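Data first, discussion second: the structure below is written as structure tokens.
FYI, it's all coordinate maths here, none of it is from the lab. From a predicted model like this one, the values you see are computed outputs, not experimental measurements. Don't worry about glycine lacking a Cβ; one is built from the backbone with ideal geometry, like all the others, and counts go over all protein chains shown.
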Amino acid sequence: MASWASRATASQRARAWLPTLALLPALLVPACASSEAGRGSAPQRPPLTDLDPAPYRPVPTTAAGGGDTRALAVTSHVDSAVQLALDFIAAVREADMPRARALMADEMFRLGERDFYRPMTANVALAQLQQAVARARSSGARPAPLARLLQLQQAEVSPPRPSTPQGQRGLQPSDSLVTFPITAEGRVELARWYPGWSTRVRILVRTNGTPRVIGF
């Protein structure tokens, strides 16, 4: 009797689960279909057009760290060197010898070919400039603007490298050589201003302390 009752109870439990088991296919099929549909219909990102915002790019900070300070110092030094050289060349162009002399140091260098630096005084340098400018002005023609004679955007600032040890004497570590390439128009006119300015104009400057031209 006990065995029969046990089997009857198990049979009743199985019959109680039958309705739930019958519903499982109906419950599982929509879920699977929904999952497949979700995978098959994933939205695709359209290609970017001109109307889309540009990709984000970080903007450089204006706060100056150690490296930024050095970069700003280098930029300031280059700008000062180029401006001083241009001021001197402009004074020569205008035949303004007092102004040119005010920009010159007392002890200078004459910059020869192959980076040969020869010491000279400001008075000797000024006398050479006066003679050259007087010859250039004898025609009566007004000089062209510097922008037509020099390739201003191609200016180079570099450390001076004299070809002889004697040329190093009197130079300081912060001295700079400013070199301007010359335009086709400038090749003829600038050579009349100064004999060494037929292919390029080189001005040696010192920007620490009181800025001065120390060679050309």
Net charge of Cβ neighbours under 13 Å - reference VAL124; Lys, Arg +1; Asp, Glu -1: +1
Stretchable slack from GLU94 to ASP115, in nm (0.36 nm times residue separation minus alpha-carbon distance): 4.8 nm
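Tell me, rounded to the nearest percent, the portion of alpha carbon pairs in segment 69-215 spaced more than 26 Å apart.
20 percent
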GLN166/LEU126 FRET efficiency (R0 30 Å; Cβ-Cβ; nearest 0.05): 0.85
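In segment 75-165, which chymotrypsin sites (Phe, Trp or Tyr not before Pro) are in a loop and have at most 15 other Cβ atoms within 10 Å, using DSSP for the loop call?
Passing sites in segment 75-165 are PHE116.
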Relative contact order (%) - criterion: Cα under 8 Å, at least six apart; region: segment 69-215: 28 percent
Under 16 Å from the VAL188 label point (7 Å along Cα→beta-carbon), backbone N, segment 136-159: 136-145, 148-150
